[in-house]
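Read the figures in this text as sums done on the coordinates, not as results from a lab. The model shown is predicted, which means the values in this text are computed figures rather than measured ones. No Cβ is skipped: glycine too gets one built from the backbone with ideal geometry, and neighbour counts run over all protein chains shown.
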Amino acid sequence: MGKLYLVPTPIGNLGDISPRAAETLAAVDFIAAEDTRVTVKLLNHLGLKRPMVIYHRHNCAAAGPAILDRLLAGEDCALVTDAGTPAISDPGEDLVALCAQSGVPVESIPGPCALTVALSASGLPTARFVFEGFLPTNRKNRRLRLEALAEEERTVVLYEAPHKLRDTLADLADALGGERPVSVCRELTKLHEEIWRGTLGEARDRWAAQEPRGEFVLVIAGAPRRDEEAPDEEAALGRVAELRALGLPLKAAAAQAAVETGMKKRRLYELALGKK
Ligand code: SAM
């Protein structure tokens, strides 16, 4: 039985092809490529000439089983896409699933991926994040996904095509709020790489005024954690007044109301003093 190798390719900078990725491309029996014209440029850069088959979104239903047959017959295949890590937001995931179902070993070689490049440089929390790929274009599915994202507390990573960026930033600002921090990561690893940091509202306005060019990843701060939301000062002061009416001294009323509402005791006491 052969093996399927997932071989990541540069997302802009050809220097990012790793020695192991290049060795694998040289060693396999054939390469399954998303677009052979793109891959041939990489092979030329590496001084390689390898047999290739096409595997992309529009032929994967037929090409997948054909590649699987060759793997089952003992050939090794390297799967590559136009850029980045195969199977991340591309039909490579179907071929990996076919191999997994058929017991064909899959080896994934680490390398460039727009998701991790953007997230790591975003300046936003990385400990917990959710990768959403591309937002749905179908209106209803898009609205439902945006509603869910508005509540998402983890950092959100999205891919977007330049011609859809303006609509997406406007929809995100509407659904998640214009104040939500975002890092717009553009043309990563390329000459005009840019990591723009601001709010969703500012990003919407910036790219409304300037035509989006290049490739984009959006990294958006998660919703504030519910248990970390700022306490409602008016409600806390109302509670202090209630407790005072029950006969508690101001200091004790403020201390009790602070515990109940999550406010800082001293802050609430000072606020209440000001209102006395
Ligand atoms: N498998 C790829 C990967 O590992 O990143 C992603 C494939 S997905 C079809 C293509 C999307 O990745 C683009 O629309 C863009 O959102 C993002 N992308 C790819 N290269 C990029 C780059 N150099 N800078 C910013 N985003 C990029």
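Under the classification rounded if a/c is under 1.5, otherwise prolate if a/b is larger than b/c and oblate if not, where does segment 74-212 fall, given a ≥ b ≥ c as square roots of the Cα gyration tensor eigenvalues?
It is prolate, given that a/c is not under 1.5 and a/b is the larger ratio.
DSSP loop (so not H, G, I, E, B), at most 14 other Cβ within 10 Å: list which GluC sites (Glu not before Pro) in segment 182-252 pass both filters.
Values: sites: Glu187, Glu193, Glu194, Glu202, Glu215, Glu228, Glu229, Glu233, Glu234, Glu242; in loops: Glu187, Glu193, Glu215, Glu229.
Within segment 182-252, the qualifying GluC sites (Glu not before Pro) (loop, at most 14 other Cβ atoms within 10 Å) are Glu229.
Quick one: Cys60, Cys185, fewest Cβ neighbours within 10 Å first, how do they rank? Write out the running numbers ahead of the final one.
Details: Cys60 21, Cys185 25.
Result, fewest neighbours first: Cys60, Cys185.
Leaving out same-chain residues fewer than 8 places away, which aspartates and glutamates sit with a Cα under 17 Å from that of Lys264?
Asp227, Glu228, Glu229, Asp232, Glu233, Glu234
Residue separation times 0.36 nm, minus the C-alpha to C-alpha distance between Ala100 and Ala73: what's the value? Provide the component values of the computation, followed by the final result.
Numbers: separation 27, 0.36 × 27 = 9.72 nm, distance 1.57 nm.
Stretched out fully, the Ala100 to Ala73 stretch lengthens by 8.1 nm.
For segment 34-67, which trypsin sites (Lys or Arg not before Pro) are in a loop by DSSP, counting at most 10 other Cβ atoms within 10 Å? If you can, show how the numbers build up before the last one.
Values: sites: Arg37, Lys41, Lys49, Arg57; in loops: Lys49, Arg57.
Within segment 34-67, the qualifying trypsin sites (Lys or Arg not before Pro) (loop, at most 10 other Cβ atoms within 10 Å) are Lys49, Arg57.
Take the alpha-carbon centre of segment 109-151, take the same for segment 17-95, and report the distance between them in whole Å.
If we compute the Cα centre of each part, the gap is 26 Å.
I'd like the antiparallel share, as a percent to the nearest 5, of DSSP beta bridges with both residues in segment 68-218. Don't skip to the end; give the middle numbers.
Details: 12 of 17 bridges.
Percent antiparallel among DSSP bridges in segment 68-218 is about 70.
For the chain, what Kirkwood radius comes out of the mean inverse Cα-Cα distance, in Å? Write out the running numbers ahead of the final one.
Numbers: mean 1/r = 0.0452 Å⁻¹.
Taking the inverse mean of 1/r over all distinct Cα pairs, the chain comes out at 22.1 Å.
Antiparallel versus total DSSP beta bridges in the chain: what percent is that, nearest 5? Display every interim value, and only then the final one.
On the way: 17 of 35 bridges.
Roughly 50 percent of the beta bridges in the chain run antiparallel, per DSSP.
With unit charges on the beta carbon (Lys/Arg positive, Asp/Glu negative), name the residue among Leu146, Ala255, Thr168 whose Cα is farthest towards the positive pole of the charge dipole of the chain.
Ala255
Report the charge-dipole magnitude of segment 1-91 in Debye, nearest 20, computed about the Cα centre from +1 at each Lys and Arg Cβ and -1 at each Asp and Glu Cβ.
Numbers: 8 positive and 10 negative charges, 29 e Å.
In total the dipole reaches around 140 debye.
Would you mind checking Lys3/Lys41; Lys164/Lys190; Lys41/Lys140; Lys3/Lys49; Lys3/Lys190 for any pair whose Cα atoms are more than 30 angstrom apart?
Details: Lys3/Lys41 24 Å; Lys164/Lys190 21 Å; Lys41/Lys140 40 Å; Lys3/Lys49 20 Å; Lys3/Lys190 32 Å.
Pairs exceeding the cut-off: Lys41/Lys140; Lys3/Lys190.
Of the options Val219, Ala22, Leu71, report the single residue whose Cα projects farthest towards the positive end of the charge dipole of the chain (beta-carbon charges: Lys, Arg +1; Asp, Glu -1).
Val219
Distance in nm between label sites at Glu151 and Asn59, each 7 Å beyond Cα in the beta-carbon direction?
A separation of 4.4 nm, rounded to one decimal place.
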